[in-house]
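Colleague: Sharing a structure, written as structure tokens. Questions coming.
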Amino acid sequence: MISSLETARYRREGFIVVPDVLSAAEISELRRVTDEFVEASRKVTTHSDIFDLEPGHSAERPRLRRIKTPSLHHPVYAAMVRHPNIVAVLTQLWGPDVRFDLSKLNLKAAGFGSPVEWHQDWAFYPHTNDDLAAVGIMIDDFTADNGSMLVIPGSHTGPIHDHHAKGHFVGGIDPATSGIDFSRAVMCTGKAGSITVHHARLIHGSSANTSGKPRRFLLQQYRAADAWPLISPPTDWGKWESLLVAGEETMQPRMTAVPVRLPYPAAPNQGSIYENQLDLQTRYFRDAEGAVR
Ligand SMILES: O=C(O)CCC(=O)C(=O)O
């Protein structure tokens, strides 16, 4: 599915964008089902186990920010977890044994859509080795103005930055004090049906959607089967094994010299990264009205 050049690029830069991974029919199904969830969100007024809502959400103007763990809520999303093209990319990067973690669908409605402040996924879930990545399925075309994901190339080999403020985890990096050169950021654009693959240690974030078109991003987290979670290890062995999407189970986690910071004390605002980041002291991205809140 990807060339050895792409594999080398992933290792060097910590991310790749792969075009034409999903067919037009699959994208159309994902859009249809996602529209159904947006419709269903009209009935809720607060965040739930499934819906994370934008500020200003209402029955008349539903503003859904995230569908939580979509693979547990609809077979069309569940099928994406084991999509053969996606699994092929991951086995090319890591070898035969790959385990799914969880998925989330971030929606940025036209002219709206909350930014996601800079962070490293690894700060949320360190493991014994860092063969971990998120695959992002572009359900819409990702363009320069609709809040496409920004990444700092090569940052997956650097330090794990502080994701704390006010004495607790906030799931975001303070742009004022981090020393990161954000002018190096690269935007992951592409046609619907493309995927991004970004390393769990890669610094990334995204701005609001200021365009007239939606941006819907189905993110699926994976890890090499021998990466053992340092946070929330499995309590149900059968469930753990059922997350394998390729290869064999192992009783021997692979330990490597990875930098770790623990996400404790836990963020007081739970439920999603948007909620966690509410306590971030300084923000980098402007919202759709142009304000840095
Ligand atoms: O939706 C995006 O642009 C990025 C989201 C992200 O990094 C996350 O949800 O962890």
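Read-outs throughout are calculated quantities, based only on the coordinates presented, and are distinct from any laboratory measurement. Remember, it's a predicted structure, so these values are computed and weren't measured experimentally. All Cβ positions, glycine included, derive from the backbone under ideal geometry; neighbour counts span all protein chains shown.
Colleague: For segment 39-46, just list the computed ³J(HN,Hα) in residue order, Karplus coefficients 6.51, -1.76 and 1.60, θ = phi - 60°, integers in Hz, with x standing in for Gly and Pro.
Modeller: With the stated coefficients, segment 39-46 comes to 4, 5, 5, 4, 7, 10, 10, 9 Hz.
Colleague: According to a simple spin-label model (label point 7 Å from Cα along Cα-to-Cβ), what is the distance in nm between Gln281 and Lys166?
Modeller: Roughly 1.3 nm, to one decimal.
Colleague: List, in order, the whole-Hz ³J(HN,Hα) value for each residue of segment 248-261 obtained from phi through the Karplus relation with A = 6.51, B = -1.76, C = 1.60 and θ = phi - 60°; use x for Gly and Pro.
Modeller: Karplus-based 3J(HN,Hα) across segment 248-261 equals 10, 6, 9, 9, 10, x, 8, 9, 10, 7, 9, x, 9, 10 Hz.
Colleague: Could you sort the peptides 131-137, 58-64 by per-residue average Cβ neighbour count (10 Å cutoff), highest mean leading?
Modeller: Numbers: 131-137: 24.4, 58-64: 13.9.
Ranked from most to least packed, the peptides come out as 131-137, 58-64.
Colleague: What relative contact order, as a whole-number percentage, does segment 146-293 give when Cα pairs under 8 Å and 6 or more residues apart are counted?
Modeller: Relative contact order for segment 146-293 comes out at 37 percent.
Colleague: Here's something else I'd like to know. Can you tell which of Val17, Val197, Val151 shows the greatest fluctuation in a Gaussian network model of the chain with Cα springs below 10 Å?
Modeller: Maximum among the listed residues: Val17.
Colleague: Sort 29-39, 92-102 by packing, meaning the average of other beta carbons within 10 Å per residue, with the highest value first.
Modeller: Details: 29-39: 16.4, 92-102: 18.5.
My ranking of the peptides, most packed first, is 92-102, 29-39.
Colleague: When only C-alpha pairs under 8 Å and at least 6 residues apart count, what is the relative contact order of the chain, in percent?
Modeller: After rounding, I find 27 percent.
Colleague: Using Cα pairs closer than 8 Å and at least 6 residues apart in sequence, work out the relative contact order for segment 26-78, in percent.
Modeller: Numbers: 57 pairs, mean separation 16.5, N = 53.
It rounds to 31 percent for segment 26-78.
Colleague: Could you state, as a whole-number percent, how many of the C-alpha pairs of segment 146-293 are farther apart than 25 Å?
Modeller: Values: 4489 of 10878 pairs.
It works out to 41 percent of all Cα pairs.
Colleague: If you take every residue apart from Pro175 with its C-beta less than 9 Å away from the C-beta of Pro175, what net charge results, scoring Lys and Arg +1 and Asp and Glu -1? Each step should come with its number before you reach the end.
Modeller: Numbers: positive: Arg283; negative: Glu117, Asp174.
Residues near Pro175 contribute -1 overall.
Colleague: Another one. Once you've got the Cα coordinates, tell me which of Lys166/Lys191; Lys43/Lys213; Lys166/Lys213 are over 31 Å apart. Don't skip to the answer; put the middle values down first.
Modeller: Working: Lys166/Lys191 40 Å; Lys43/Lys213 24 Å; Lys166/Lys213 37 Å.
Distance filter (> 31 Å) returns Lys166/Lys191; Lys166/Lys213.
Colleague: Under the rule of at least 5 residues apart or a separate chain, name every residue whose amide H is placed under 5 Å from the amide H of Arg216.
Modeller: Lys108, Ile139, Asp140
Colleague: Arrange the following residues from fewest to most other Cβ atoms within 10 Å of their Cβ: Leu5, Leu107. Provide the component values of the computation, followed by the final result.
Modeller: Values: Leu5 9, Leu107 27.
The fewest-first ordering by Cβ neighbours comes to Leu5, Leu107.
Colleague: I would also like to ask the following. Using each residue's phi in segment 177-183, evaluate 6.51 cos²θ - 1.76 cosθ + 1.60 at θ = phi - 60° and report the 3J(HN,Hα) Karplus result to the nearest Hz, with x for Gly and Pro.
Modeller: Once θ is set to phi - 60°, the couplings for segment 177-183 become 10, 6, x, 7, 8, 6, 5 Hz.
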